[in-house]
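The values are calculated or read from the model by the stated rules, or taken from the named source; none is laboratory data. This structure is a prediction, so every number in the text was calculated from the model and none was measured. Don't worry about glycine lacking a Cβ; one is built from the backbone with ideal geometry, like all the others, and counts go over all protein chains shown.
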Amino acid sequence: MRKTDIVDHGVPKDARSVAAVALDFDDGHRVASHRHQQAQLLYATQGVLVVGSAEGHWLVPGNRGLWIPPGVEHWTRMVGAVRVRTLYIDPALVSARLPGHCCVLGVSPLLRELILAAVGIRTAPPADSRDGRVMALMLDELDQQQVLPLHLPHLRHEALQPLSERVLQGQGLELELGDWAGQLGVNPKTVQRWFIHDTGMTFGKWRQQARLLTALQRLALGHSVLEVALEVGYNTPSAFSAMFRRQFGVSPSEW
């Protein structure tokens, strides 16, 4: 393992099995690729996190959290002024119900308040104390959170790399399957097969996820719904809003 693989981003120096740490970042700040020995929940109380690993990209809006199992190498980029409240958890305490891969989790009002309370706990508390019960209930509540569809898997096929990089930069989101095939000089069915092989998604589903993740970043920066709809390839804001509501249950303006 490289010496730079495991880094200290506010991880407490003592032997606590569960710790909560507050970290605030400016817009555009980047944390280079690294990993932790502990499991981690990256929870944004404000702003948006973009996190990448070998498996793809995740977008973490405010009041959601990214679950990162122990040892997973990842990098982070901040969109807007970001307030992060991070949980570090001893792998021995990780519930078998929590996924063995990175994923975005909903954060219930109860879990939010427990995380904020845990930030103020500076030492390992006795299990039968108030602080000990806060930590125990926090782990129980974490185990109950819903996985959210905010993941964009990587495209691994070499021919797809240039176009996928454009999409990750928020460009070319209006291109259809036939456009990709034309630029690559192959049959659309071939491109569709590559997508399903690499991601388990059709081209249409992958592009929708890319549009959604780009849209959330633009909305977090204060762009209007009309601007965002056009930027991510929709002809009308109503079509964009319908897609957004299907995913989140609220309109972009309500979000």
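Which one is surrounded by the most Cβ atoms within 10 Å (Cβ to Cβ) among residues in segment 216-228 that are among the hydrophobic types (A, V, I, L, M, F, W, C) and modelled with pLDDT of 90 or more?
Restricting to residues being among the hydrophobic types (A, V, I, L, M, F, W, C) and modelled with pLDDT of 90 or more, the top hit is V228.
Just to be sure I understand the filter: pairs with C-beta atoms under 8 Å, separated by 6 or more residues or on different chains, first member in segment 152-167 and in contact (Cβ under 8 Å) with a residue 60 or more places away in the chain, second member surrounded by 13 or more Cβ atoms within 10 Å (Cβ to Cβ) and polar (S, T, N, Q). Which pairs pass?
The qualifying pairs are L152/Q209; P153/T199; H154/S164; H154/T199.
Where in segment 83-196 are there helices (runs of 4 or more DSSP H), lying fully within it, with 1 or more residues that are among the hydroxyl-bearing types (S, T, Y) and within 30 Å of Y234 (Cβ to Cβ)?
161-168
Just a yes or no: is a residue in segment 207-216 among the charged types (D, E, K, R) and part of a helix (DSSP H, G or I)? Break it down into steps so the answer makes sense when it comes.
Restricting attention to segment 207-216, the residues satisfying the condition of being among the charged types (D, E, K, R) are 207, 211.
Now drop any that are not part of a helix (DSSP H, G or I), which leaves 207, 211.
Looking for residues that are among the charged types (D, E, K, R) and part of a helix (DSSP H, G or I), one finds at least one in segment 207-216, hence yes.
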